[in-house]
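As structure tokens, the structure follows; a few thoughts come after it.
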Amino acid sequence: MTTRRYSHPKIPPQKGFFRAFVRWLVIGLGLIWSLAALLLLAARWIDPPSTAVHIQRRLQGWIHNRPYRERYTFIPLNQISPDLQHAVIAAEDARFYQHHGFDWHEIQIAAADDMEGGRTRGASTITQQLVKNLFFGTGRSVLRKGAEATLVPVAEFVLGKQRILEIYLNVVEWGPGVYGAEPASRYYYGTAARNIDEQKAVRLAAILPAPLKRRPERMNNYSALILDRMHQMGW
């Protein structure tokens, strides 16, 4: 009696290559995500020396042969005026201390505005903006949003609200080559961040959505709106 040997069907070379490519792509993305998560954990104790936005602006200056001077000084949260802290929260993320990284209420409002054909409003929280600043730069894409969404809960868990706010206020872009509250305060007002009063604070907060185009002295209407929000929030 002859025993037949069972042989596995051969996988076409193209399909085998595709499977290997997908496998290594998933492994690579997993390693990159793990590195980003570890960097967030390290940021609990170590102040970021740079961010993706800083690097992006440096490269843009080099590519376009434009002079570029970076102003970046990291200071503790207690050296940033409470008025400036409150103004930025009121302007960028009024429910910062209530949500866990995503403000679903603002997301619903933004989605409704978009569906009705109204002006699209931003719904990114300070935590989302921090993750984007640290790792993704200013570009927009569905993939970036997806990766950002997976890192936001990590940031909330390992950093906590006060450290998130501290890092954000120190790394956010506040003008051409100007990053953080201390350089911004000195660049626009010639004083330290701890000396910024309420009026100056709301004007600085007002330029954050478009820091390369706006100037504090031109932000009369929006700064008044931020000031009103601060007062409604009890500040």
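The values are calculated or read from the model by the stated rules, or taken from the named source; none is laboratory data. Note that this is a predicted model, so its numbers are computed, not measured. Backbone-built Cβ (ideal geometry, glycine too); neighbour counts: all protein chains shown. To get the accessible areas, we keep the full protein, side chains included, count just its heavy atoms, and leave off ligands, DNA and RNA. Shrake-Rupley method; radii C 1.70, N 1.55, O 1.52, S 1.80 Å.
Structure above, values below:
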item	result
Global geometry of the range 17-87, whether rounded, prolate or oblate, following the gyration tensor of its Cα atoms and the 1.5 cut on a/c	oblate
Calculated from backbone phi, Karplus (6.51, -1.76, 1.60) coupling profile of the range 83-93 in Hz, x at Gly/Pro	4, 6, 4, 5, 5, 5, 5, 4, 7, 9, 6
For the chain: rounded, prolate or oblate by the Cα gyration tensor [a/c cutoff 1.5]	prolate
The chain - accessible surface per residue (Å², probe 1.4 Å)	61 Å²
Backbone HN-Hα couplings from phi across the range 193-206 [Karplus 6.51/-1.76/1.60, Hz, Gly and Pro as x]	4, 6, 9, 6, 8, 4, 5, 5, 4, 5, 6, 5, 5, 5
Under-5 Å amide H pairs with Ile196, H placed in peptide plane, nonlocal only	Ser81
Sparse-neighbour loop sites [trypsin sites (Lys or Arg not before Pro); the range 166-235; at most 11 other C-beta within 10 Å; DSSP]	Lys213
Count of Lys pairs (Cα-Cα under 26 Å; at least 8 positions apart or interchain) in the chain	7
Most fluctuating residue given options Ala224, Ala91, Ala155, as computed from a GNM of the chain linking Cα atoms under 10 Å	Ala224
